[in-house]
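Undergrad: What follows is a structure written as structure tokens; I'll ask about it next.
FYI, it's all coordinate maths here, none of it is from the lab. Computed from a prediction, not measured in an experiment: that's the story for all the values here. Cβ: placed from backbone, ideal geometry, glycine included. Neighbour counts: every protein chain shown.
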Amino acid sequence: MSNSTATRTATRTTALSDGAAVLTRQLQKARHAPALLLLTQTMPITMLLFFGYVFGSAMAMPGDEYRAFLVPGLLAATAAGGLMTGVFTAAQDAHRGVTDRFRSLPMSRAAVPLGQTAADLVTTAVGTVPLMLVGLAMGWRVENGLPGALGAFGVLLLFRFAMAWVGTYLGLVSASEEAAGQLGSATFVLPLLSSAYLPTDGLPAWLRTVAEWNPISAVASAVRELCGGPGAQAAAGAAWPAAHPVAGAVLWSLALLVVFVPLTARGFARGRD
């Protein structure tokens, strides 16, 4: 093994071991804030009940069909919430001196954001299960069996992981905690400009184009296609991500990771100088 190969292997091993230490810290931090964890896990369920039974009565499709359409959309919107949590977590650590203390330690520059995003992924994986169970109780069904369910779960976690990296980068470069809070709150509008809650075929042409190229639309449609049920088929004339949602969701997630993982690692290493 050449010296350069050995160095790269050691660097990756260090990043993973240091990231695991940060992951443990983040999970312990979440354990000591159960009220916040409970709020973030129950909010999607509250939205599902509200949208499903209040808005469902006003939809053109029958209520049961709309609720089956809505569950994958809310799962995708929850996955997109990695952007908000990433912004909050990174900004809080950056502006309270925690990130500077990590920088002073002999650890990989990618370890801290890796640990933070991995911790978010773990809590999301656990929190998604109750939302799915409530969805099943409301009439949503996984028509394509266990393989479809596992595929949909994998797409959701991959997208959540990618969005957490985006949020972590934005939190690192934010001017203040307040600015990060405003930015994170503004991301709530992103699922509204997608097919998460409503089909896009009835939208004006320009808005339909925006919605169909929204990554959240691709993820929501991918979950519908993998699980089966209402909204699994794209409307005529749909944009490429809407017509090929599984490929679109995976490509969007990978593209975000390719761009924001190195940006975040450099942003962490560079600091706020």
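Undergrad: Hey, what does the equivalent ellipsoid look like for the stretch 3-270, semi-axes from the Cα gyration tensor as sqrt of 5 times each eigenvalue, largest first, whole Å?
TA: 34, 19, 18
Undergrad: Which of ASP100, ASP120, ASP93 has the fewest other C-beta atoms within 10 Å, and how do the rest follow up to the most?
TA: Lowest to highest Cβ neighbour count: ASP100, ASP93, ASP120.
Undergrad: Over the stretch 91-160, what portion of Cα pair distances is larger than 20 Å, expressed as a whole percent?
TA: 49 percent
Undergrad: In whole Å, largest first, what are the principal axis extents of the Cα atoms in the stretch 74-216?
TA: 51, 37, 22
Undergrad: Moving on to the next point. Which value results when the Cα radius of gyration for the stretch 160-250 is divided by 2.2 N^0.38 Å?
TA: Relative to the rule-of-thumb radius for its length, the stretch 160-250 sits at 1.22.
Undergrad: Using Cβ contacts closer than 10 Å as the measure, can you line up SER174, SER194 from fewest to most?
TA: SER174, SER194
Undergrad: Counting other C-beta atoms within 10 Å, which of VAL166, VAL250, VAL98 has the fewest, and how do the rest follow?
TA: By the 10 Å Cβ count, ascending, the order reads VAL98, VAL250, VAL166.
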